[in-house]
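Student: First the structure, which I've put down as structure tokens, then a few questions once you've had a look.
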Amino acid sequence: MQYNIIPHKEAQQKLKSHIRFMKNVSYSVAEKIYNEYKNSLVSLSENPHSGLRYEHKSNKNLKYKLFYKQRYRIVFEIIENNVYIYDIQDCRQDTDKKLL
């Protein structure tokens, strides 16, 4: 079964901003982050139930998947054959964890 990936616009914008910043530091690192994100989307579309996951206490459908050497996480929810991406978080920083 193939799942549809539906990223929230704010999550996409957050990742784009981070990649733009990283391009100023290191183009190769920015490119690597982007490629790992694309690979994660392929993985989510094929099997969002695999990999490292966190289940939210009150919403068992809300999960996250780690990617890029466990430095980033994708917060998503699976509803039928759709994967809704709500956030992309840099785990190296003290981020807003209200979705977790």
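Student: Only one of these is under 27 Å from MET1 (Cα atoms), β-branched (Val, Ile, Thr), surrounded by fewer than 13 Cβ atoms within 10 Å (Cβ to Cβ) and at pLDDT below 90: ILE79, ILE74, ILE88. Name it. Explain how you work it out, then say what you get.
Tutor: Values: ILE74 fails: surrounded by fewer than 13 Cβ atoms within 10 Å (Cβ to Cβ); ILE88 fails: surrounded by fewer than 13 Cβ atoms within 10 Å (Cβ to Cβ).
Only one candidate qualifies: ILE79.
Student: Being modelled with pLDDT of 75 or more and over 17 Å from GLN12 (Cα atoms) is the requirement here; does GLU46 meet it? So that I can check it myself, show each step before the final result.
Tutor: Details: modelled with pLDDT of 75 or more: yes; over 17 Å from GLN12 (Cα atoms): yes.
Considered against the rule, which asks whether it is modelled with pLDDT of 75 or more and over 17 Å from GLN12 (Cα atoms), GLU46 comes out as yes.
Here's the yes/no breakdown for (1) within 19 Å of ILE78 (Cβ to Cβ); (2) polar (S, T, N, Q); (3) surrounded by 15 or more Cβ atoms within 10 Å (Cβ to Cβ):
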{"position": "MET1", "(1), (2), (3)": "yes, no, no"}
{"position": "ASN4", "(1), (2), (3)": "yes, yes, no"}
{"position": "LYS9", "(1), (2), (3)": "no, no, no"}
{"position": "ASN24", "(1), (2), (3)": "no, yes, no"}
{"position": "ALA30", "(1), (2), (3)": "no, no, yes"}
{"position": "LEU41", "(1), (2), (3)": "yes, no, yes"}
{"position": "LEU44", "(1), (2), (3)": "yes, no, yes"}
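Student: Please state which of the following conditions SER17 fails to meet, knowing it meets all the rest: (1) more than 14 Å from ILE88 (Cα to Cα); (2) more than 14 Å from the chain's Cα centre (by Cα); (3) at pLDDT 90 or above.
Tutor: Of everything listed in (1) more than 14 Å from ILE88 (Cα to Cα); (2) more than 14 Å from the chain's Cα centre (by Cα); (3) at pLDDT 90 or above, SER17 misses just condition (1).
The values are calculated or read from the model by the stated rules, or taken from the named source; none is laboratory data. For clarity, every value in this text was computed on a predicted model and none was experimentally measured. Virtual Cβ from ideal backbone geometry, glycine too; neighbours counted across all protein chains shown.
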